[in-house]
Amino acid sequence: MVSVHVTADSSLPPEKVLEGARDFSHRRAEVWPLVQSRYLRVHGTGETFAEVTEGTFVAGLFWERSRYDWSEPGVVKATVLDSNVFRPGSTWGLRATPRNGGSSVEMTLNRDFQSGLKGRIASAVNHSFGDRWRRFGWGRMLRQVLGRLEGQSE
């Protein structure tokens, strides 16, 4: 199991950050570096949820089908239902709270990996470089996502 918690600030208000986490249109691949449009499938949506398959080509296709939930104010959380990389029940979450006219953003990941080849590759990458690298790498990705969302709102 890998657990990561990173934070970053954004000039966007919390609702705009959360909209970016709930946007499953073609723009998702423009904002989120580990999502490619051709592997994005929306299976169902409701007022406070979406069931989505997302993927990226790394060493072959890495994909996960997750249920996104935003019924808790200020939070978007995804729980893996099926994947060739992560075990079901693995989670990703984004919380945005007001800060100085923008927002403070927290991203958390709790990932357990499948025993197959792709799960072992992802596990090795996440475990081999240590906690400090994981925080740096995921923190950099969060800052990149926020920068892209800020660029879209201009």
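Just so you know, all these numbers are worked out from the coordinates, no wet-lab data involved. Everything numeric here is computed off the predicted structure, so don't read it as measured data. Methodologically, a virtual Cβ is constructed for each residue, glycine included, from the backbone with ideal geometry; neighbour enumeration extends over all protein chains shown.
Summed over region 1-44, the residues that are outside any helix (DSSP H, G or I), free of Cβ contacts under 8 Å to residues at least 12 places away in the same chain and polar (S, T, N, Q) give a count of 1.
Of Val4, Val17, Val42, Val31, which residue is more than 25 Å from Pro98 (Cβ to Cβ) and of a type in the set (Val, Ile, Thr)? Spell out the reasoning first.
Working: Val4 fails: more than 25 Å from Pro98 (Cβ to Cβ); Val17 fails: more than 25 Å from Pro98 (Cβ to Cβ); Val31 fails: more than 25 Å from Pro98 (Cβ to Cβ).
Result of the check over Val4, Val17, Val42, Val31: Val42.
If you go through region 39-92 and keep only what is crowded, with 19+ Cβ neighbours inside 10 Å and among the small types (Gly, Ala, Ser), you end up with Ala50, Gly55, Ser66, Ala78, Ser83, Ser90.
Among the residues of region 95-121, how many are under 15 Å from Val80 (Cα atoms) and either in a strand (DSSP E or B) or without any contact (Cβ under 8 Å) to a residue 60 or more places away in the chain (or both)? Spell out the reasoning first.
Filtering region 95-121 for residues under 15 Å from Val80 (Cα atoms) gives 108-114, 119.
Then drop every residue that is not either in a strand (DSSP E or B) or without any contact (Cβ under 8 Å) to a residue 60 or more places away in the chain (or both), which leaves 108-111, 113-114, 119.
Adding up the residues that qualify gives 7.
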